[in-house]
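Asks: Take this structure, written in structure tokens, and hold onto it; I'll ask about it next.
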Amino acid sequence: MREPLTVRRAAPGDEPILRALRLEALTEAPDAFASTYERELARTTADWRRWFSPGVTFLLEDAGTPRGLVAGMHDAEDPGVVYLMAMWVHPALRGSGAADALVAEHLAWARGEGAWLARLDVMATNARARRLYERHGFRLTGQEKVREADGRVELRMERPLDSAA
Ligand SMILES: CC(C)(COP(=O)(O)OP(=O)(O)OC[C@H]1O[C@@H](n2cnc3c(N)ncnc32)[C@H](O)[C@@H]1OP(=O)(O)O)[C@@H](O)C(=O)NCCC(=O)NCCS
């Protein structure tokens, strides 16, 4: 990742930054996410705070300007499974290695939490994101979900955490 890009773990107080990034992501790449701009707009500060605890969020910054994010959380039924969610990098920083840094931070967090499996859902049409995840050891599980609202297909990918990519 080129300087001066940095990744840091978001903390209470970062709610407005997270909100602005999510709204930017939903505006720039609406087809990449299961959520909608309207849904994110309606979230309260308390809602966003749950992205820091019990969830985790990493922020990508370019010389201090927020330019991307990734979020994580434990599966409600199996805490050994963690989800990778809300991945977004500003178009100007795509192909820079910034996305790799975000995924790496997420996986390091997951291992630190003692998780054994990382899981995500990606739109079937999102070849670029799929390629990124494959590079980090994620593989398609064959499970897919057709969204009732618009018929779009989400593919599940998983990556065991006890081995390198
Ligand atoms: C998904 C995202 C985070 C990936 O970050 P990125 O910096 O673009 O990723 P990279 O360029 O490092 O890697 C993407 C891979 O896709 C390839 N790629 C680039 N454009 C592509 C395209 N149009 N179609 C298919 N693959 C493409 C790249 O060559 C690279 O593959 P490689 O490892 O074989 O070289 C970023 O594109 C993004 O924020 N997209 C919008 C939001 C989104 O889709 N989020 C994911 C939700 S699941």
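Asks: Answer with yes or no whether Ala29 is modelled with pLDDT of 95 or more, among the small types (Gly, Ala, Ser), out of contact with any Leu (no Cβ under 6 Å at 6 or more places or on another chain) and closer than 28 Å to Lys145 by Cβ.
Replies: So Ala29 fits the description; yes.
Asks: Could I ask something else about it? Give the range 33-74 a look and list any residue that's outside any loop (DSSP other than H, G, I, E, B) and within 11 Å of the chain's Cα centre (by Cα), or say none.
Replies: Matches in the range 33-74: Val56, Thr57, Phe58, Leu59, Gly68, Leu69, Val70, Ala71, Gly72, Met73.
Asks: Could you count how many residues in the range 115-165 are in a loop (DSSP other than H, G, I, E, B) and either within 14 Å of the ligand (Cβ to nearest atom) or modelled with pLDDT under 95 (or both)?
Replies: Count: 16.
Asks: When the residues of the range 94-106 are filtered to those that are out of contact with any Phe, Trp or Tyr (no Cβ under 8 Å at 6 or more places or on another chain), in a helix (DSSP H, G or I) and under 27 Å from Arg152 (Cα atoms), which remaining residue is nearest to the ligand (Cβ to nearest atom)?
Replies: Restricting to residues being out of contact with any Phe, Trp or Tyr (no Cβ under 8 Å at 6 or more places or on another chain), in a helix (DSSP H, G or I) and under 27 Å from Arg152 (Cα atoms), the top hit is Ala99.
Asks: Specify which of the listed residues (Ala104, Ala63) is of a type outside the set (S, T, N, Q), at pLDDT below 95 and either surrounded by 14 or more Cβ atoms within 10 Å (Cβ to Cβ) or under 14 Å from Arg8 (Cβ atoms) (or both).
Replies: Every option except Ala63 fails the conditions.
The values are calculated or read from the model by the stated rules, or taken from the named source; none is laboratory data. Note that the structure is predicted; figures quoted are calculated from it, not measured. Cβ coordinates were reconstructed from backbone atoms using ideal geometry, including for glycine residues, and neighbour counts include every protein chain displayed.
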